[in-house]
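One structure is given here, and the rest of the page talks about it.
The values are calculated or read from the model by the stated rules, or taken from the named source; none is laboratory data. Note that the structure is a prediction, hence the values are computed from the model and not measured. Here the Cβ is made from the backbone with ideal geometry for all residues, glycine too, and neighbour counts use every protein chain on show.
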Ligand SMILES: NC(=O)c1ccc[n+]([C@@H]2O[C@H](COP(=O)([O-])OP(=O)(O)OC[C@H]3O[C@@H](n4cnc5c(N)ncnc54)[C@H](O)[C@@H]3O)[C@@H](O)[C@H]2O)c1
């Protein structure tokens with residue numbers, strides 16, 4: 001819950017005293033800092049738990065059962081995952097947390113009689129066909145996956161893809177309502193480590209006006225989704241029951257930018273003149289572009305992003321400079 005989407009979701013939900021938020025995180029890639037402003041709220045219960053620990057998960061289950069009758073709806077959101085690119089190659093760990101424990105968490109939601117399960121998947125599932133000339137890849141597009149012949153990296157995407165099948169199966173069998181969300185490149189001023197590209201560029205340029213990028217960055221373009229908007233998409237789906245048909249929703253912005261231009265934009269916000277880019281390393285099976293068609297979630301829920309890249313970067317620069 002202390003990750004980017006989970007922390008913002010908790011922040012939005014505890015504002016309403018009719019809601020109770022129960023969350024956990026093992027701080028694998030986040031810290032308590034991201035929810036420090038809400039940790040003392042009466043309607044928030046947070047635990048330093050590991051989703052892979054059966055005993056800890058079972059105590060979450062007991063807590064939900066004990067409080068169940070006080071609330072109109074029980075909603076599970078699966079935000080705990082091994083996410084950062086450097087871990088994508090750690091097949092065993094990623095599979096355990098992202099697939100085995102997602103499935104256990106879904107089964108728990110069904111066992112306690114929860115109404116809704118939101119499964120956070122990823123735009124990485126589009127793998128080598130992550131864009132087209134017609135305004136982005138759609139949820140219904142067939143996939144062209146890099147495999148173990150090319151890169152272990154795709155194991156993350158394939159694991160997340162499998163979770164989409166668990167989600168669909170549970171809804172088709174009327175066990176719960178829910179859906180999967182394919183997010184693209186979420187960022188936040190609350191990222192703890194400079195692992196993702198935006199905090200990496202900001203912290204590198206702040207240090208000495210230079211940044212080291214992979215060779216891929218000479219060509220790569222991406223869009224970036226602020227965690228306020230990833231969180232808003234979860235809330236939009238939770239509040240549109242007819243959208244919770246077990247299917248998949250792309251969630252991204254249309255603001256595509258090359259990584260080189262991103263360095264220039266961040267440099268201008270930091271007042272760094274002539275930033276130096278050093279290229280080192282190459283990542284196999286990394287698509288040059290990733291453009292998602294988001295018509296489906298827009299049409300079904302009215303969601304659309306509200307934080308522009310420039311505004312989001314301003315927030316990151318301000319927060320990270322503190
Ligand atoms: N960040 C992105 O660019 C991105 C892109 C596509 C999909 N997603 C998906 O969105 C969801 C939310 O991710 P996020 O963007 O908030 O990333 P994040 O890394 O900020 O959050 C993931 C959280 O999971 C926690 N975690 C990892 N292993 C755990 C474990 N064993 N037990 C308990 N907690 C554990 C981490 O500590 C972290 O706080 C994830 O399912 C992720 O796969 C994220």
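Annotations
- Failed item, numbered, when residue 239 is tested on (1) surrounded by fewer than 16 Cβ atoms within 10 Å (Cβ to Cβ); (2) farther than 26 Å from residue 2 by Cα: (2)
- With respect to (1) more than 30 Å from residue 152 (Cα to Cα); (2) within 22 Å of the chain's Cα centre (by Cα); (3) surrounded by fewer than 14 Cβ atoms within 10 Å (Cβ to Cβ), the lone exception for residue 86 is condition (1).
- All positions within region 206-218 that are in contact with a strand residue (DSSP E or B) (Cβ under 8 Å, 6 or more places away or on another chain) and surrounded by fewer than 21 Cβ atoms within 10 Å (Cβ to Cβ): 209, 210, 212, 214, 215, 218
- The sole residue among 44, 57, 9 that is in contact with a helix residue (DSSP H, G or I) (Cβ under 7 Å, 6 or more places away or on another chain) and away from the ligand (no atom under 14 Å from the Cβ) is 44.
- When residues of region 20-59 are limited to those that are touching a strand residue (DSSP E or B) at 6+ places or on another chain (Cβ under 9 Å) and farther than 23 Å from residue 104 by Cβ, the one surrounded by the most Cβ atoms within 10 Å (Cβ to Cβ): 35
- Some residue of region 101-115 being near the ligand (Cβ under 10 Å from one of its atoms) and closer than 27 Å to residue 199 by Cα: no
- Selected residue (only one of 277, 260, 291 is touching a residue at least 24 places away in the same chain (Cβ under 8 Å) and within 16 Å of residue 136 (Cα to Cα)): 291
- Looking only at residues in region 13-27 that are in contact with a helix residue (DSSP H, G or I) (Cβ under 8 Å, 6 or more places away or on another chain) and within 14 Å of the ligand (Cβ to nearest atom), the one that is nearest to residue 81 (Cα to Cα) is 25.
- Among the residues of region 73-87, those that are within 20 Å of residue 19 (Cβ to Cβ) and modelled with pLDDT under 95 comprise 79, 80.
- Unmet criterion (only one of (1) more than 15 Å from the ligand (Cβ to nearest atom); (2) surrounded by fewer than 16 Cβ atoms within 10 Å (Cβ to Cβ); (3) over 16 Å from residue 296 (Cβ atoms)) for residue 195: (1)
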